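Visitor: I have a structure here, written as structure tokens, and I will follow up with some questions on it.
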Amino acid sequence: MKKKYHQLSINETLKTLNATSAGLPATEVEKRLAQFGKNVLAAQKNASLIEKFFNQFKNLMIIILLVAAVIALFAGDLSDAIIIFLVVVLNAVFGVFQEAKAENAINALKKMTTPSSRVKRNGKIMIVKSSELVPGDIVLLEAGEIVPADLRLLETSNLKIEEAALTGESVPVDKSAAALTEAELPLGDRYNLAYMNTNITYGTAEGIVIATGMQTEVGKIAAMLNQTKSAVTPLQKNITHLSKLLSILVLSIAALVFIIGIALNRSTILNMLLTSISLAVAAIPEGLPAIVTITLALGTQVMAKKKALIRKLPAVESLGATQIIASDKTGTLTQNKMSVEKIYRNQQLVSAKDYTVQANDPLIQAMILANDSQQTEQGLSGDPTETALIQFNLEQNFAVSDLKKTFRRQASIPFDSERKLMSVVTQDPQATEQLLFTKGALDELLQRSTQILDDGQIRSLTAADQQKILAANHQLATQALRVLAFAYTPFNLKKVQPLSSATAEQELIFVGMVGMIDPQRPEVKQAIAEAKSAGIRTLMITGDHRDTATAIAQRLEIIDPADKDGVITGHELDQLPAAELDKRIEQWSVYARVAPEHKVKIVKAWQKKGKVVAMTGDGVNDAPALKTADIGVGMGITGTEVAKNASDMILSDDNFATIIAAVREGRRVFANIQKSIQYLLSANLGEVLTLFLMTMLGWDIFAPAQILWINLVTDTFPAIALGVEKAEGDIMKRAPRESKATFFSDGVMSSILYQGLLEGGLTLGVYWIAILFPFHHSTALIHADALTMAFATLGLIQLLHAFNSKSLHGTIFTKTLFNNRTFNWSIVLASILMFATILVPAFNATFKVTTLVWQQWLVVLIGGALMLVIVELVKFGYRAAAKNK
Ligand code: ATP
């Protein structure tokens, strides 16, 4: 039987895949790409335009309407039939247009986050799109990355992979390259394989691609594919549910209109049927969920332009409700551009530029050797904390690379944010043994130091030395400097095995400290102030020292200098009983010296207070906190793939100010959806009410063509245009909305009700006046005139009410009245389409209207204007009442 990949030795694997450890040549890659296809999981196919178009007719009401239209046609009512067909087709076209637009926006989001991989091809290391990997490619892996395809590991160094996506097991698995003997092992036990879409939590490795795309293990799991379905937001669900309820309500009313119409002998059965179905079609808010989706999706596009990439649609909604933003300090609030400012050595604090750099100085050696940054042609690359140390030495014209050659690196213990140290073991050029150099957080390093290098002498570290060092540290940290401490010790690599922090980072000789400045991002202070006025509290979470964190937090006005109890450290958090933490959490704005695991605790404690929390994160270990937060915010530049994958939103510039811009956008989107809903539903209510009362009162009833036309022209256009309204000026001066708020909160529901009643009342009022004071036509036309005037009034009311809807409670008489171009054009277009039915005689018969004289138009105008005036007066009253509260 053929052996499986996990049973093959490395050479056998290479042979099977017809590859070498130097990587494939370009021609071979091309060939294989053509043979195996792209390394992507097949997404669900989107419906084609034609399919989308026909999907719009899968609606029972529309089908009944079409059948009724056909009947009307045979009964000789050509005009109704034509209008019904026209409206149905136009509705379908709009539906397709909206769906396509929402889909495009969502696809664009997916494209923005395409991952890349480091591969070895033709002996060279290069970065390629992960989708272009082929079987036989040699891929380099590192903690924080996501495995881009199924791999047989060739070489591993402390590699740990979390395979929950595949096996459900959330504890990371240790991996190694050795071949396994058993053939039928569960996936989770094939330790020498790495699977596509699993998370590398620790270490590094090299592997060869054995399967790509749909041939991979995740590709084989059909259920995974359904996850590509776009997520539905809680409020979208809410609105879909509501539209269903409204549909039932409208259907009942339509049925009632039909029955009463027949009972009172108002018209022929066919006509009443057409009327009531038209009413149902017009008043059922089937477009509502689409408007919500499209507004959310368009919001994501605007956010993307502002450098906030939304990965999950619900984030747009939650952003608008954000109450707490917990932000990392380094890189998000600050620039992550470190430079060495001060140096503490031989019990003295000096300015960095006055320090004499010498090759035999263990401080300089530790700075350069306990350092993973690399000098490349493009400059220094690596962790800014480390590049700053090299930069400092280069600026002093020190031969950095010579020193590295003399002290060849033998081994290292990587930095991790738990112990906050990193060490390297190098050859000692003056001895056969080695040296260990350690750098990291002072508190950690001092605990592990027993001696001190003082003026060239190594002696015991005394309590007095410690006092002095801590005082210097405090002095540096309160100037907002990040402090790194350095130590070394003679070392024997052979004797200390296995090499680990516990075995090696002990009994060190303390040499000195460095204070580094990391300037704050210039726009951040303003953004924090804006957040504050928007009722949002900013928290700082950092691995840095308490004093450094406090100093920066004070400069950024995250805490008040007088607030002595606003800062807590990770250590103190650990000591605190859980109940105490939950009780007191609102006391602290700065969380210093925290490890990623504390972040989950912090988010949960705030959430228990009922707060909507956004939290930033970049490292692998931040993933749980990013998932726990209401809005996990990943870093586009410095973030690991794992963290990005766990987040709801990614900042493409890593900047705190971008979060605030996104919140602002989230609030705008939410407010606009409310505006659309308020407008649309009050219009529908107005229509239903008018028709219902016309039937009940024994008045003439709107013709189906009229109902459908009003609905098509004056409802749809403005409702969509309201979705792209600009933000109102005070949007960041309001408190965040309640986390349980829906689109109907904040008075939207009552506005819909009274505005709907008002629309119906005014329309019927105009009809009534027209009957009481007939103007010009023969008595035969009194009713036809009145109906035409009612039709015109309802249309006008809706067009003017669209302006009211630009602000829920604010006045519309400001300079922003015409600031939405889409809106303006939609009103112009809707007005033309609406009034051409009356003003252009050729259309009169089709729409069953008469021509009106100016006195009649005046009545219509007054009816319409009253809508505008009354709603603005109500809003005025609301504002006055709110002020007096
Ligand atoms: P945040 O990004 O959450 O604001 P941070 O980036 O400042 O936090 P860490 O990177 O975890 O937090 O750093 C915490 C501490 O670890 C620093 O104050 C510093 O003393 C030490 N440290 C940071 N980077 C290194 C490194 N490369 N080598 C050794 N020690 C380091």
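Visitor: From the cross-link list Lys329/Lys740; Lys532/Lys583; Lys329/Lys532; Lys52/Lys307, which pairs have alpha carbons spaced over 26 Å apart?
Guide: Lys329/Lys740; Lys52/Lys307
Visitor: In percent, how large is the relative contact order of the chain, given Cα pairs closer than 8 Å and 6 or more residues apart?
Guide: Relative contact order, the chain: 12 percent.
Visitor: Along the stretch 136-152, what does the Karplus equation 6.51 cos²θ - 1.76 cosθ + 1.60 (θ = phi - 60°) give for ³J(HN,Hα), rounded to whole Hz, x for Gly and Pro?
Guide: x, 5, 9, 10, 9, 10, 8, 3, x, 8, 9, 4, x, 7, 6, 10, 9
Visitor: Put +1 on the Cβ of every Lys and Arg and -1 on every Asp and Glu Cβ in the stretch 339-517; which of Ala472, Gly382, Tyr488 then has its Cα farthest towards the positive end of the dipole?
Guide: Farthest towards the positive pole: Tyr488.
Visitor: Lys/Arg Cβ at +1, Asp/Glu Cβ at -1, dipole of the chain taken about the Cα centre: which of Ile208, Leu693, Val128 is farthest positive-ward?
Guide: Leu693
Visitor: Given the options Gln391, Pro498, Val357, identify the residue whose Cα lies farthest towards the positive end of the charge dipole of the stretch 339-517 (+1 on Cβ of Lys, Arg; -1 on Cβ of Asp, Glu).
Guide: Of the options given, the answer is Pro498.
Visitor: Further question: Tally the DSSP beta bridges in the stretch 339-517 and give the antiparallel ones as a percent, rounded to 5. Write down the numbers at each step before the final one.
Guide: Values: 42 of 45 bridges.
Among the beta bridges of the stretch 339-517, antiparallel pairing accounts for roughly 95 percent.
Visitor: Show which lysines lie in cross-link reach of Lys342 when reach means a straight Cα distance below 19 angstrom and same-chain residues fewer than eight apart are skipped.
Guide: Partners within reach: Lys353, Lys439, Lys468.
Visitor: Where only protein heavy atoms count, and the probe is 1.4 Å, what is the accessible area per residue for the stretch 339-517 in Å²?
Guide: 47 Å²
Visitor: For Tyr355, Tyr202, write out the residues from largest to smallest accessible area, computed with a 1.4 angstrom probe and no ligands counted.
Guide: Numbers: Tyr355 30, Tyr202 80 Å².
Largest to smallest exposure gives the sequence Tyr202, Tyr355.
Visitor: Moving on to the next point. Cα gyration tensor of the stretch 330-388, axes a ≥ b ≥ c as square roots of the eigenvalues: rounded (a/c below 1.5), prolate (a/b > b/c) or oblate?
Guide: On the way: a/c = 2.34, a/b = 1.36, b/c = 1.72.
Oblate.
Visitor: At 222 nm, what helix-only mean residue ellipticity would the chain give, in deg cm²/dmol to the nearest 500, using -39500 (n - 2.57) for each DSSP H run of four or more?
Guide: Numbers: 33 runs with 428 residues, N = 885.
That comes out to -15500 deg cm²/dmol.
Visitor: Under 5 Å between amide H atoms, partner at least 5 residues away or on a different chain: which partners does Asp150 have, H built in plane at 1.01 Å?
Guide: Those lying under 5 Å, H to H, from Asp150 are Met196, Ile210, Ala211.
Visitor: Something else: When DSSP assigns beta bridges and you keep just the ones with both residues in the chain, what percent turn out antiparallel, to the nearest 5? Numbers along the way, then the final one.
Guide: On the way: 75 of 98 bridges.
That works out to approximately 75 percent antiparallel.
Visitor: Continuing with this model, one more query. Could you pull out every one of the lysines with an alpha carbon less than 16 Å from that of Lys883, ignoring same-chain neighbours closer than 8 positions?
Guide: Lys733, Lys875
Visitor: Quick check: at a probe of 1.4 Å, how many percent of the accessible area of the chain sits on carbon and sulfur atoms?
Guide: Details: 22890 of 38700 Å².
Result for the chain: 59 percent of the exposed heavy-atom area is carbon or sulfur.
Visitor: Sort 640-649, 836-845, 494-503, 753-762 by packing, meaning the average of other beta carbons within 10 Å per residue, with the highest value first. Show your work: numbers first, answer last.
Guide: Details: 640-649: 24.7, 836-845: 13.8, 494-503: 11.5, 753-762: 20.0.
The peptides rank, most packed first, as 640-649, 753-762, 836-845, 494-503.
Visitor: Which lysines have a Cα less than 16 Å from the Cα of Lys220, not counting those fewer than 8 places away in the same chain?
Guide: Lys38
Visitor: Within the set Lys306/Lys815; Lys160/Lys644; Lys420/Lys525, which residue pairs have Cα atoms separated by over 22 Å? Each step should come with its number before you reach the end.
Guide: Working: Lys306/Lys815 25 Å; Lys160/Lys644 19 Å; Lys420/Lys525 28 Å.
Beyond 22 Å between Cα atoms: Lys306/Lys815; Lys420/Lys525.
Visitor: Is there a quick way to get the dipole size of the chain? I mean about its Cα centre, with the Cβ of Lys and Arg at +1 and of Asp and Glu at -1; what is the value in debye to the nearest 20?
Guide: Values: 85 positive and 80 negative charges, 192 e Å.
Here the chain has a charge dipole of around 920 debye.
Visitor: Determine ³J(HN,Hα), in whole Hz, for all residues of the stretch 819-827 in sequence, where each value follows from phi through the Karplus function 6.51 cos²θ - 1.76 cosθ + 1.60 and θ = phi - 60°; x replaces Gly and Pro.
Guide: 7, 10, 5, 4, 4, 4, 5, 5, 5
Visitor: What list of ³J(HN,Hα) couplings, whole Hz, do you get for the stretch 670-679 from phi and the Karplus terms 6.51, -1.76, 1.60, once you set θ to phi - 60° and write x for glycine and proline?
Guide: For the stretch 670-679, the Karplus curve yields 4, 4, 5, 4, 4, 4, 4, 5, 4, 5 Hz.
Visitor: Quick one: which residues, 5+ away or cross-chain, put their amide H under 5 Å from the amide H of Arg121? H built at 1.01 Å from N.
Guide: For Arg121, the qualifying residues are Met126.
Visitor: For Thr334, what residues show an amide H to amide H distance below 5 Å, using hydrogens built from the backbone and excluding near sequence neighbours?
Guide: Arg521
Visitor: By accessible area of protein heavy atoms, probe 1.4 Å, what ranking do Leu73, Leu246, Leu435 get, highest first? Can you show the working numbers first?
Guide: Working: Leu73 75, Leu246 45, Leu435 15 Å².
Ranked from most to least accessible, the order is Leu73, Leu246, Leu435.
Visitor: Can you classify the chain as rounded, prolate or oblate using the Cα gyration tensor, where a ≥ b ≥ c are the square roots of its eigenvalues, rounded means a/c under 1.5, and otherwise it's prolate if a/b beats b/c and oblate if not? Walk me through the numbers on the way to the answer.
Guide: Details: a/c = 3.40, a/b = 2.00, b/c = 1.70.
Because a/c hits 1.5 or more and a/b exceeds b/c, the chain counts as prolate.
Visitor: Here is a further query. Mind running the shape call on the stretch 339-517? Use the C-alpha gyration tensor, a ≥ b ≥ c as the square roots of the eigenvalues: rounded below 1.5 for a/c, prolate if a/b tops b/c, oblate otherwise. Please report the intermediate quantities before stating the final value.
Guide: Details: a/c = 1.40, a/b = 1.05, b/c = 1.34.
Verdict is rounded for the stretch 339-517.
The values are calculated or read from the model by the stated rules, or taken from the named source; none is laboratory data. Since we're looking at a predicted model, the values are computed, not measured. All Cβ positions, glycine included, derive from the backbone under ideal geometry; neighbour counts span all protein chains shown. Accessible surface is based on the protein model in full, side chains and every heavy atom, while ligands, DNA and RNA are left aside. Shrake-Rupley method; radii C 1.70, N 1.55, O 1.52, S 1.80 Å.
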